[in-house]
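One structure is given here, and the rest of the page talks about it.
The values are calculated or read from the model by the stated rules, or taken from the named source; none is laboratory data. These numbers were taken from a predicted model, which means no experiment stands behind them. No Cβ is skipped: glycine too gets one built from the backbone with ideal geometry, and neighbour counts run over all protein chains shown.
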Amino acid sequence: MQESFYSIPGCPCSIALISDLHEAPFEAVLASLRKNRPSLICVAGDFLIGRLPKEALKVCEAGLLPFFSACASLAPCFVSLGNHEWMLTEADLELLRSCGVSVLDNAFTAFTVRDRLLVIGGLSSARVSEYRRALRSGLTPLEANDLTRPVGVTKHVPPQLAWLDSFASRPGYHILLCHHPEYYPRWLAGRNIDLILSGHAHGGQIRLFGRGLYAPGQGLLPGLTVGVVDGRLVISRGLGNTRRVPRLFNPPELVYILSDEGRTDSPI
């Protein structure tokens, strides 16, 4: 696992960005968090592998509750929903919250760190909202899954955007967890948001000559796969994998965003 560190001017605290864990072993992630001690831990979606659970709650099946409990014990932890979290029920989300994390499902909260007010929001994947819409129309979970399967990889289907106006108008430093980087050019670039944390692209899966080969929602030779865009969109290559195609020249990545002092809360 690679640790990447980005300095974002104006960022008031250090942040760990976790994305695309996909139920992978998490011991190395926790060891890195304990070493670097970020002020905030932000999980920007796809901590699961999306599939309909048989009986138990999905987060229980995945064995991720100890991971979230450990994160919450290290720093305030905020979680948003990616396209692989489409099946989670309100009971699942409450179980996550019971671990001490803040689940931001098309919602935001205010939080103070170092005497700075942060407004932290989570924009859920369109796959999540479309699956819920299909359930409300009377479809079974299996039928809703079949109907909405393409949504998570189609950038033209909008997520729920209406609440972002209220989020962006609040005073403070605005941090948005948004799993899909391809949402940025079309729906987020013109908004008053200081920092956007994303993943989803898996670094382009195969990286050749510093360029990703393919990303869902972007297609071949995608432009938004890793690093910092416009000084405020931070894209993680992610920590896991869901495809039969292996990651090549593209190690799993845990991203740290440095405070505006240019360091995390402990020496690196």
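Things worth noting here:
- Residue match in segment 170-187 (condition: hydrophobic (A, V, I, L, M, F, W, C), in contact (Cβ under 8 Å) with a residue 24 or more places away in the chain and in contact with a helix residue (DSSP H, G or I) (Cβ under 6 Å, 6 or more places away or on another chain)): no
- Among residues that are more than 18 Å from the chain's Cα centre (by Cα), of a type in the set (Asp, Glu) and either loosely packed, with under 13 Cβ neighbours inside 10 Å or within 25 Å of Phe111 (Cα to Cα) (or both), Asp194 is not included.
- For segment 226-243, a residue qualifies if it is on the phi < 0 side of the Ramachandran plot and within 14 Å of the chain's Cα centre (by Cα), and the qualifying residues are Val226, Leu233, Val234, Ile235, Ser236, Arg237, Leu239, Gly240.
- Residues (in a strand (DSSP E or B) and surrounded by fewer than 17 Cβ atoms within 10 Å (Cβ to Cβ)) located in segment 213-232: Gly219, Leu220, Gly227, Val228
- The lone criterion from (1) surrounded by 21 or more Cβ atoms within 10 Å (Cβ to Cβ); (2) outside any loop (DSSP other than H, G, I, E, B); (3) of a type outside the set (A, V, I, L, M); (4) more than 16 Å from the chain's Cα centre (by Cα) left unmet by Gly203 is number (4).
- Contacts under 9 angstrom Cβ, first residue in segment 248-268 being surrounded by 15 or more Cβ atoms within 10 Å (Cβ to Cβ) and aromatic (Phe, Trp, Tyr), partner modelled with pLDDT of 60 or more and part of a loop (DSSP other than H, G, I, E, B), 6 or more apart: Tyr256/Ser14; Tyr256/Pro38
- Yes/no for Leu177 being touching a Phe, Trp or Tyr at 6+ places or on another chain (Cβ under 7 Å) and modelled with pLDDT of 90 or more: yes
- Taking residues in segment 122-143 that are closer than 15 Å to Leu161 by Cα, and partners anywhere that are part of a helix (DSSP H, G or I) and of a type in the set (D, E, K, R), the pairs with Cβ atoms closer than 7 Å and at least 6 places apart or on different chains are Val128/Glu85.
- Looking across segment 37-46, the residues that are touching a helix residue (DSSP H, G or I) at 6+ places or on another chain (Cβ under 9 Å) and over 13 Å from Ser236 (Cα atoms) come down to Arg37, Pro38, Ile41.
- Of the strands (runs of 3 or more DSSP E) lying entirely inside segment 1-81, those containing at least 1 residues that are at pLDDT 95 or above and among the hydroxyl-bearing types (Ser, Thr, Tyr) are 2-7, 77-80.
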